[in-house]
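Taking it in order: structure first as structure tokens, then the write-up.
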Amino acid sequence: MQANGAGQGQESSELPCLNSAQNGESSSAVGTHSNGLLSSTDNGNSVGTSNGSSAGPGSGTSAPSTASGSDVGSLKKKKRLSQAEEDVIRLIGQHLHGLGLNQTVDLLMQESGCRLEHPSATKFRNHVMEGEWDKAENDLNELRALMHSPNAIVRMKFLLLQQKYLEYLEDGKVLEALQVLRGELTPLKYNTDRIHVLSGYLMCSHAEDLRAKAEWEGKGTVSRCRLLDKLQTYLPPSVMLPPRRLQTLLRQAVELQRDRCLYHNTKLDNNLDSVSLLLDHVCSRKQFPCYTQQILTEHCNEVWFCKFSNDGTKLATGSKDTTVIIWQVDLESHQLKPQRTLEGHAYGVSYLAWSPDDTYLIACGPDDCSELWLWNVQTGELRTKMSQSHEDSLTSVAWNPDGKRFVTGGQRGQFYQCDLDGNLLDSWEGVRVQCLWCLSDGRTVLASDTHQRIRGYNFEDLTDRNIVQEDHPIMSFTVSKNGRLALLNVATQGVHLWDLQDRVLVRKYQGVTQGFYTIHSCFGGHNEDFIASGSEDHKVYIWHRRGELPIAELTGHTRTVNCVSWNPAIPGLMASASDDGTVRVWGPAPFLDSQEADGINDNCSNMDS
């Protein structure tokens, strides 16, 4: 890169490291720190730090003393710093400068022979922080030669003039603001839509109104720091470091470690103060829901289905014993207690669906069941018992997001849309439905059928389209909260993850035993990062969504596990229903001594991918 040709004649490059003969000596005007940052005052308050924050009491304005000859000689003997080492020194210097430790920064830069940023950038920074807009605009001409994209000068100038205009308006200098708008911003012929918006601010009656409409912090350090953050994006990092660069890198490192953690199941906190930077992030599987917390034995026959309510406060379980049991979840202890039993499902209960507001619960039976029950969960009353024909098979159901309609169907060719009273609103002929799901658009219904596919049906314009095609029967499927991913249990194949938008198979999860029984899997955990499924080998399998191998195998059931449900409000709580007649509630390991805790591995076999 060519020298900028302005400022100090000694500058020959934009490189941040000085040669040994320049050891620590300032290459800019009097009043410059040896680290290359100016120290100036604005109403007596020191400003001009690398990240826009105020300099501390040790920031003085005197020029540093020239290094002695012995110091220069010692530096010449030192190994030349690599680019990575120079970058680290600059990052540390920027962070220390932001803390106000300017004398420490001076010493660091002196001894290393580096500088934080180019003198032209330092001068520009200080002029922006002091609100000297004409000087800052002139500085852009010096910076032009150091930029990879000279065309960005226009965008930077626009940002400067916009701040100048807003500050004039806040000070009540309407004529000066109008001159900036007409004589400086408009001639740039850049972002005319924004100029129209800016002109509207002339009508603001007072400063508070201006700040509110412009979503602007007002004249001062905060808004100018934000302006500098935007301006820096147009400058190479060798000229001016991005703001708070070290904190950004540390935060990225923490986030990457969390992303790679197989068992991370809590909300991400981007605040660095909440983690230790001295240790790698590791979650133990003892914090993961792979320990039997409770065994529910109230059903007296096979349990075919289980589903937590949308708010996570209840669990509904359906059994071959013809009953549905509603369980109350204690949000503190995570223990479940039976709340009420819903009876009268003559063929047993093989599927359950909560209404969006959790007021109602619909229960369906197996293939030979032609009836459907709609219960008011709060009162325990049966609102609707629906049956269109004794020849029907109503084995699956899904709620419309409006909570006023639902769709139901079965493998004998029934596919209905009904209201809460069971009145038939629409029907689709000849579709042999295995499983159903309503998308959030309120119009599209996904249905898996006997042709090993999932199709999208629109009941408004009566159109349908193919979305997923498998080579084997789709026994069940569920959809992620954002509607992007579908999780399929495929006969003899196991669990498959599909991208519904791109219509591609994303991943095949290994380990599970899936024949021709209907097994229901689920998304779960924080941000739905995990997938769980029952299995015909009596186990519950858990995978991280991005890995094909299971991260845990949960043992305890003695027959096929038909269904797994992950609590949507409590990431560490999961339930599984089995042909052994029990429902197991899984949670983190209890507080045990180390010897007992090691024994938990019997319940949770780790198979890290």
Filter segment 344-370 for residues that are among the charged types (D, E, K, R) and either in contact with a Pro (Cβ under 9 Å, 6 or more places away or on another chain) or closer than 13 Å to residue 313 by Cβ (or both); the one that is surrounded by the most Cβ atoms within 10 Å (Cβ to Cβ) is 358
Counted residues, segment 294-326 - those being within 14 Å of residue 571 (Cα to Cα) and touching a Lys or Arg at 6+ places or on another chain (Cβ under 9 Å): 1
Residue count, segment 75-103 (criterion: open to solvent by 70 Å² or more (accessible area, probe 1.4 Å) and either farther than 17 Å from residue 237 by Cα or touching a Pro at 6+ places or on another chain (Cβ under 8 Å) (or both)): 8
Just a yes or no: is a residue in segment 448-463 buried (at least 18 other Cβ atoms within 10 Å of the Cβ) and touching a Gly at 6+ places or on another chain (Cβ under 8 Å)? no
Starting from residues that are free of Cβ contacts under 8 Å to residues at least 40 places away in the same chain and not hydrophobic (A, V, I, L, M, F, W, C), keep the ones in segment 240-258 and report whichever is nearest to residue 167 (Cα to Cα). 242
Restricting the search to segment 471-520, which residues are open to solvent by less than 30 Å² (accessible area, probe 1.4 Å) and among the hydroxyl-bearing types (Ser, Thr, Tyr)? 476, 478, 480, 509
Kindly establish whether residue 540 is under 21 Å from residue 574 (Cα atoms), open to solvent by less than 30 Å² (accessible area, probe 1.4 Å) and without any contact (Cβ under 8 Å) to a residue 60 or more places away in the chain. yes
Within segment 94-108, the residues that are closer than 16 Å to residue 245 by Cβ and of a type outside the set (Val, Ile, Thr) are 94, 95, 96, 97, 98, 99, 108
Of the residues that make up segment 223-239, is at least one open to solvent by less than 40 Å² (accessible area, probe 1.4 Å), assigned to a loop (DSSP other than H, G, I, E, B) and free of Cβ contacts under 8 Å to residues at least 60 places away in the same chain? no
Somewhere in segment 269-291, is a residue modelled with pLDDT of 90 or more, out of contact with any Leu (no Cβ under 8 Å at 6 or more places or on another chain) and outside any loop (DSSP other than H, G, I, E, B)? yes
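Which members of segment 295-311 meet the condition of being crowded, with 18+ Cβ neighbours inside 10 Å and either under 33 Å from the mean Cα position of the chain (by Cα) or not in a strand (DSSP E or B) (or both)?
So in segment 295-311, the residues crowded, with 18+ Cβ neighbours inside 10 Å come out as 296, 299, 302-309.
Within segment 295-311, 299, 302, 305, 306, 307, 308, 309 meet the criteria.
I'd like the full set of residues that are open to solvent by 10 Å² or more (accessible area, probe 1.4 Å) and at pLDDT below 90, limited to segment 120-146. If you could, list the steps in order and put the result at the bottom.
Step one: filter segment 120-146 for residues open to solvent by 10 Å² or more (accessible area, probe 1.4 Å), giving 123, 127, 130-135, 137-138, 141-142, 144-145.
141, 142, 144, 145 - these are the residues of segment 120-146 that are open to solvent by 10 Å² or more (accessible area, probe 1.4 Å) and at pLDDT below 90.
Pull up segment 383-402, narrow it to residues that are touching a residue at least 40 places away in the same chain (Cβ under 8 Å) and out of contact with any Ser or Thr (no Cβ under 7 Å at 6 or more places or on another chain), then point me to the one that is farthest from residue 479 (Cα to Cα). Lay out the reasoning, then the answer.
Step one: filter segment 383-402 for residues touching a residue at least 40 places away in the same chain (Cβ under 8 Å), giving 395-402.
Now restrict to residues that are out of contact with any Ser or Thr (no Cβ under 7 Å at 6 or more places or on another chain): 398, 400, 402.
Values: 398: 12, 400: 14, 402: 17 Å.
Residue satisfying both the conditions and the ranking: 402.
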Residues to consider are 190, 201; find the one that is over 20 Å from residue 128 (Cα atoms) and touching a Phe, Trp or Tyr at 6+ places or on another chain (Cβ under 6 Å). 190
Residue that is free of Cβ contacts under 8 Å to residues at least 12 places away in the same chain and polar (S, T, N, Q), where the choices are 138, 126: 138
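Taking the condition of being among the β-branched types (Val, Ile, Thr), out of contact with any Asp or Glu (no Cβ under 9 Å at 6 or more places or on another chain) and closer than 26 Å to residue 441 by Cα, how many residues in segment 460-494 meet it? Can you show your working first?
Going through segment 460-494, the residues among the β-branched types (Val, Ile, Thr) turn out to be 463, 467-468, 474, 478-479, 490, 492.
Right, trim to out of contact with any Asp or Glu (no Cβ under 9 Å at 6 or more places or on another chain) and you get 463, 467-468, 478-479, 492.
Add one more test, that the residue is closer than 26 Å to residue 441 by Cα, and what stays is 463, 467-468, 478-479.
The total comes to 5.
Looking only at segment 255-281, how many residues end up being exposed (fewer than 12 other Cβ atoms within 10 Å of the Cβ) and not acidic (Asp, Glu)?
The total comes to 9.
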Return the residues of segment 147-193 that are open to solvent by 70 Å² or more (accessible area, probe 1.4 Å) and in contact (Cβ under 8 Å) with a residue 60 or more places away in the chain; say none if nothing qualifies. 148, 155
Of the conditions (1) modelled with pLDDT under 90; (2) touching an Asp or Glu at 6+ places or on another chain (Cβ under 9 Å), residue 303 fails just one. Which one is it? (1)
Would you confirm whether or not segment 399-409 contains a residue that is open to solvent by 20 Å² or more (accessible area, probe 1.4 Å) and of a type in the set (S, T, N, Q)? no
So, in segment 194-222, exactly how many residues are surrounded by fewer than 15 Cβ atoms within 10 Å (Cβ to Cβ) and part of a helix (DSSP H, G or I)? 12
Name every residue in segment 313-332 that is open to solvent by 60 Å² or more (accessible area, probe 1.4 Å) and either modelled with pLDDT under 95 or not polar (S, T, N, Q) (or both), in order of residue number. 320, 330, 331, 332
I need the full set of residues from segment 479-535 which are in contact with a helix residue (DSSP H, G or I) (Cβ under 9 Å, 6 or more places away or on another chain) and of a type in the set (Gly, Ala, Ser), in order please. 480
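Report yes if residue 287 is polar (S, T, N, Q), open to solvent by 80 Å² or more (accessible area, probe 1.4 Å) and within 27 Å of the chain's Cα centre (by Cα), otherwise no. Explain how you work it out, then say what you get.
On the way: polar (S, T, N, Q): yes; open to solvent by 80 Å² or more (accessible area, probe 1.4 Å): yes; within 27 Å of the chain's Cα centre (by Cα): yes.
Yes, satisfied.
Residue 341: over 19 Å from residue 521 (Cα atoms), open to solvent by 30 Å² or more (accessible area, probe 1.4 Å), part of a strand (DSSP E or B) and not hydrophobic (A, V, I, L, M, F, W, C), yes or no? Outline the logic, then answer.
Numbers: over 19 Å from residue 521 (Cα atoms): yes; open to solvent by 30 Å² or more (accessible area, probe 1.4 Å): yes; part of a strand (DSSP E or B): yes; not hydrophobic (A, V, I, L, M, F, W, C): yes.
Yes, satisfied.
The values are calculated or read from the model by the stated rules, or taken from the named source; none is laboratory data. Note that the coordinates shown come from a computational prediction; the quantities given were computed from them, not determined experimentally. We place every Cβ from the backbone using ideal geometry, glycine too, and count neighbours over all the protein chains shown. Surface areas here come from the heavy atoms of the whole protein model, side chains and all, with no ligands, DNA or RNA. Shrake-Rupley method; radii C 1.70, N 1.55, O 1.52, S 1.80 Å.
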